[in-house]
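Written out below as C-alpha cells is the structure these notes cover.
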Amino acid sequence: QVQLVESGGGLVQAGGSLRLSCAAPGHTFSTYTMGWFRQTPGKEREFVAAIAWTGNTGNYADSVKGRFTISRDNAKNAVYLQMNNLLPEDTAVYYCAAGRYYSGRYPTQYNHWGQGTQVTVSS
C-alpha cells in the first residue's frame, strides 16, 4: 500500500495562489498516474487534474483549466499542484491519488489516496 502525504493547504484570499505537494515516503510512483481531487461536505469527490507517468502534459477539469498546473518530479517521488487565481469555489479538501490508468479522471481509477489537505479561499 502506497501512503501519500499532502501538504501546502491553507487559507488564502481570492486571487491568491497556493502550491500543494504530495509525497510518497519510502515508495516510488514513477510508473503511476498521479491525480488531484477535491471534495466539499455533502458532495462527491471531484476530479481536478492528473498527470501520467510520462509527465508530459496534464489533464484538467474545465473549472481549473488555465489556473492550475500539475507537475511531477519522479526523482523526488513528488507531485505538485500550482493553484493560481484562486476562487472561493475552489475551497475544498484536496486529495492526492495514485493509479494505473493513463491520466484517469475518475476516483475509481486510483488505488492509493492521501489524507487530504484543506484549502480555503476567502472572498
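The values are calculated or read from the model by the stated rules, or taken from the named source; none is laboratory data. Note that the structure is predicted; figures quoted are calculated from it, not measured. Methodologically, a virtual Cβ is constructed for each residue, glycine included, from the backbone with ideal geometry; neighbour enumeration extends over all protein chains shown. Keep in mind that these areas ignore ligands, DNA and RNA; they rest on the heavy atoms of the full protein, side chains included. Shrake-Rupley method; radii C 1.70, N 1.55, O 1.52, S 1.80 Å.
The table below lists the values:
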read-out: Relative contact order %, region 29-76, counting alpha carbon pairs below 8 Å whose residues are six or more apart; value: 30 percent
read-out: Whole-Hz couplings from phi, Karplus 6.51/-1.76/1.60, listed for region 78-92; x for Gly and Pro; value: 9, 10, 10, 10, 8, 10, 10, 6, 5, 10, x, 6, 7, 4, 4
read-out: Label point 7 Å beyond Cα of ASN74 along Cβ direction - residues of region 102-123 with amide nitrogen under 17 Å; value: 102-104
read-out: GLU46, GLU6, ranked by accessible area, largest first (probe 1.4 Å); value: GLU46, GLU6
read-out: Solvent accessible area, Å² - TRP36, 1.4 Å probe, full protein context; value: 0 Å²
read-out: Karplus (6.51, -1.76, 1.60) ³J(HN,Hα), θ = phi - 60°, over region 109-122, in Hz, Gly and Pro reported as x; value: 8, 10, 9, 10, 9, x, 7, x, 9, 7, 10, 10, 10, 8
read-out: Percent accessible area from carbon and sulfur atoms, region 1-98, protein chains only, probe 1.4 Å; value: 48 percent
read-out: Accessible solvent surface per residue of the chain, calculated while the other protein chains remain in place, 1.4 angstrom probe, Å²; value: 51 Å²
read-out: Interchain or long-range residues, amide H under 5 Å from THR91's placed H; value: VAL121
read-out: Solvent-accessible area of ASP62 with every protein chain in place, 1.4 Å probe, in Å² to the nearest 10; value: 130 Å²
read-out: By accessible area with a 1.4 Å probe, ligands and nucleic acids excluded, highest first: order of ARG67, ARG100, ARG45; value: ARG100, ARG45, ARG67
read-out: Distant-in-sequence amide H partners of GLY10 (H built 1.01 Å from N, under 5 Å); value: VAL119, THR120
